[in-house]
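Let me begin by presenting the structure, written as structure tokens, before commenting on it.
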Amino acid sequence: MSEEKDIVEGFNSPVNLKYTFAAGAATSKFLREIKKGKIVGQRSNVTGFVSVPPRGACPISGTPMTEEVALPETATVVSFTIVHIPIPNAPVDPPFVVANVVMDESDQTFIHLVAECDPSKLQIGEKIKAVWKDESEWDLTLENIKYFVPTGEGAVDLQELKAKRLKETEKYRNA
């Protein structure tokens, strides 16, 4: 009495993850500033490392970071991927770019979208600028920055950028 059964190779199933994030003091301050349209980081007075978004402790020395640093709205693409599938509620349609970016005058990368460009022409080292949502939509979220767009300046050499940041942090390490 063997029954022939169809083999199921795959199926579509929506996934919805809902979670609560408890922000610490440093992240809370960062989010309050983002809600005002300002990008801030924290600098370690031991290593000079500038963290964005700030976490309250230096990732190099582990010491508390208390110096707030106002940052420009410009950044550099460190790495990226081109996404060809739609993502629900994304502010851009595929193909679009998800990039690891480092804000100018900072040392820590984070992930954000890059839009209003031909993804196939984007380069590692590309200079980009934040495009903010309408102020009426601002809340306590990094999503107040809708995405980044290329500035038209072209790409910078990442090794030179790293050397420049290391030179800047030296004055804190040797203080």
Could you tell me how many degrees, from 0 to 90 and to the nearest 10, lie between the Cα long axis of helix 25-35 and the main elongation axis, the longest principal axis, of the Cα atoms of the chain? 80
Using unit Cβ charges (K, R positive; D, E negative) and no other charged atoms, how large, in debye to the nearest 20, is the dipole of segment 16-175 about its Cα centre? 520
If you bin the C-alpha pair distances of the chain every 10 Å from 0, what whole percents do you get? 9, 31, 31, 17, 6, 3, 2, 1, 0
Give me the distance between the Cα centres of segment 75-101 and segment 27-63, rounded to whole Å. 24
Rounded if a/c is under 1.5, else prolate if a/b beats b/c, else oblate: with a ≥ b ≥ c from the C-alpha gyration tensor eigenvalues square-rooted, which is segment 95-175? oblate
Could you give the size of the charge dipole of segment 53-123 about its Cα centre, using +1 on the Cβ of each K and R and -1 on the Cβ of each D and E, expressed in debye and rounded to the nearest 20? 300
Measuring from the longest principal axis of the C-alpha atoms of the chain, the long axis of helix 158-173 (C-alpha) lies at a number of degrees, nearest 10, equal to 50
Cross-link pairs K127/K167; K36/K171; K133/K167; K36/K167; K38/K127 - those with Cα-Cα distance over 26 Å: K36/K171; K133/K167; K36/K167
Going toward the positive end of the dipole of the chain, with +1 on Lys and Arg Cβ and -1 on Asp and Glu Cβ, which of V46, Q123, V77 do you reach last? V46
Students often check this: by mean Cβ neighbours within 10 Å, which of 61-71, 14-24, 81-91, 144-154 ranks highest, and how do the rest follow? 144-154, 61-71, 81-91, 14-24
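Coordinate-derived values only; no laboratory data. Remember, it's a predicted structure, so these values are computed and weren't measured experimentally. Don't worry about glycine lacking a Cβ; one is built from the backbone with ideal geometry, like all the others, and counts go over all protein chains shown.
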